[in-house]
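Notes for the one structure printed next.
The values are calculated or read from the model by the stated rules, or taken from the named source; none is laboratory data. For clarity, every value in this text was computed on a predicted model and none was experimentally measured. In this analysis, Cβ positions are derived from the backbone assuming ideal geometry, glycine residues included, and neighbour counts consider all displayed protein chains. Remember, those area values only see protein heavy atoms, side chains included, never the ligands or the DNA or RNA. Shrake-Rupley method; radii C 1.70, N 1.55, O 1.52, S 1.80 Å.
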Amino acid sequence: MSNADVLFAAHPTHATAVIATVSSDLHLTANALLAGHGFEPVTKRTWALARIDHHEPCWATLTAQSMVDKGIASQITPELRKVIDSHTSKGQHPASAVGRDTRDRASVEAQQIHNDLRHGRLTIHAHAYDGPSTVAVGTYHDGLSVHLHGEDHLRAVTDVFPSPVQAVSAFQRLHREAVRPGPAPLTHTEREVIEALTSLRNGQESQGPSRREIVPALAADPADHEAVLDQFLNQHANWHKHRVWSDETTLAIHESQTLRVQLLHEPEPGDATWTIAAYESPVSERAWRITLSAATPAPVLDTLLDELAEADPWDIALGSPVTDKTVTQATRPLSDAGWQPTINGPTITWEAPHTGGQESTVRVRFDALSAHPAHSYLDAWALWAGKNPEQPTWALHASAYTPTALLARLTETLAHDTETRTTPPPQHTARSERRTSRAPIPPAAAGPPTSRRSR
């Protein structure tokens with residue numbers, strides 16, 4: 001521990017969560033400030049902040065400044081400072097501005113609802129799916145009942161009732177046969193927040209800060225899939241979220257109805273996490289598709305979604321026929337970067353250079369036989385990492401007629417882009433007396449957030 005009274009560090013396994021370590025068991029002022037800014041005690045001197053809006057770095061900055069204002073020495077580790085700087089460069093609102101921006105006020109309200117649900121202050125009676133949104137009815141322990149709309153950082157109170165009977169009756173009138181008992185399944189973000197806290201409570205304490213390094217895009221960390229989809233929909237109003245018959249899948253469909261993005265929330269081994277499909281018209285058969293596994297590096301997924309958002313939907317949906325010229329165009333970034341092609345019958349495989357001696361490498365493969373028009377349902381392209389394509393670390397597959405420009409952007413990302421990779425520090429199991437010497441300070445009780453409408 002440094003000479004600071006409170007040390008703020010990056011969480012060892014959660015991308016944006018923050019850990020605060022207090023030097024003294026009896027530093028009550030520091031503990032009070034941490035609790036007031038949303039940190040929760042997880043061990044004797046360790047507190048953690050995990051939020052559903054992924055703004056923990058901003059709140060950590062605000063908390064550290066509050067410590068300074070109270071005369072408490074605080075320090076932010078270099079690793080966490082990099083995360084804070086990254087959030088600032090991406091246009092995240094600083095925590096000190098919360099309350100001046102409507103979106104941030106809504107995010108604070110959503111976080112309070114999440115906390116109330118997790119700590120048992122709000123009980124959900126039933127839920128339903130209203131188009132692309134999740135709605136629910138519940139009761140606070142102070143007696144007020146509410147209707148909720150949305151998920152994660154978009155969840156809000158839409159109505160308040162004096163009794164559960166009135167709230168449930170109104171909910172049933174609104175949603176009828178769509179009503180299902182109990183709460184909706186936890187979202188991916190909610191599970192991540194809970195895991196970030198419980199992993200530390202269960203005795204896993206960091207030996208030091210996590211390590212971030214600049215690596216080629218092909219070796220970068222996987223994406224936070226739920227957050228990526230939420231951000232994509234928030235930034236592109238011409239894409240709309242749709243529920244399907246199963247809670248396990250979410251669809252995003254372009255307003256032209258020619259482009260569709262499917263996210264499978266909990267894929268089985270071998271299943272695709274993302275499926276992107278294109279159609280010449282809303283009623284035609286599929287023109288082409290791309291699938292990605294869960295561990296696909298974030299820059300690859302970002303490139304794919306950026307190209308979908310920026311392209312003309314009708315043009316990109318048509319795709320490109322496979323010719324010698326289009327194959328050359330699609331793989332030119334690989335050749336320019338020194339990837340070596342190997343021809344084996346109908347397949348050409350390009351391998352990333354400078355990977356000798358490593359257990360895993362990255363390859364791009366084109367299968368001319370699968371690209372034949374008679375086999376248009378097969379995957380003509382594969383981008384993958386691992387010892388072999390049957391058991392890859394991550395994989396992207398694309399069918400024939402996938403647009404050449406899109407493939408070229410993907411191979412350019414693999415060949416030339418860089419990104420960060422996080423290596424968690426070593427872990428050790430905390431001693432039992434540190435886990436049980438005193439009970440964590442419970443969060444202060446809170447009533448329901450201010451509603452959008454009131455009765």
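First check a/c for segment 8-49, with a ≥ b ≥ c the square roots of the eigenvalues of its C-alpha gyration tensor; if it is under 1.5, answer rounded, and if not, answer prolate when a/b is larger than b/c or oblate otherwise.
Verdict is prolate for segment 8-49.
Cβ under 11 Å from His37's Cβ, His37 left aside: what net charge do those residues give with Lys, Arg +1 and Asp, Glu -1?
-1
In Å and on Cα atoms, what radius of gyration and Dmax does segment 119-176 show?
10.7, 31
In Å³ and rounded to a whole number, note down the convex hull volume per residue for the Cα atoms of segment 254-393.
135 Å³
Which lysines, if any, have their Cα less than 29 Å from the Cα of Lys44, not counting same-chain residues under 8 positions apart?
The qualifying lysines are Lys70, Lys82.
Out of the GluC sites (Glu not before Pro) in segment 247-336, which ones are loop residues according to DSSP with at most 13 other C-beta atoms within 10 Å?
Glu248, Glu255, Glu285
Per residue, how much accessible area does segment 294-339 show when a 1.4 Å probe rolls over the protein heavy atoms, in square angstrom?
Normalised by residue count, the accessible surface of segment 294-339 is 45 Å².
Just how much of Glu40 is accessible, in Å², when a 1.4 Å probe is used and the result is rounded to the nearest 10?
Number for this one is 20 Å².
Obtain the radius of gyration and the Kirkwood radius of segment 287-359 from its C-alpha atoms and give Rg over Rh.
Reported Rg/Rh, Kirkwood definition of Rh: 1.00.
Express in Å², to the nearest 10, the accessible area of Phe171 obtained by rolling a 1.4 Å probe over the protein heavy atoms while all chains stay in place.
Spelled out: Phe171, probe radius 1.4 Å, area about 0 Å².
Find the accessible area per residue for segment 1-79; the probe is 1.4 Å, ligands and nucleic acids are left out, and the unit is Å².
With all protein chains present, segment 1-79 gives 37 Å² per residue.
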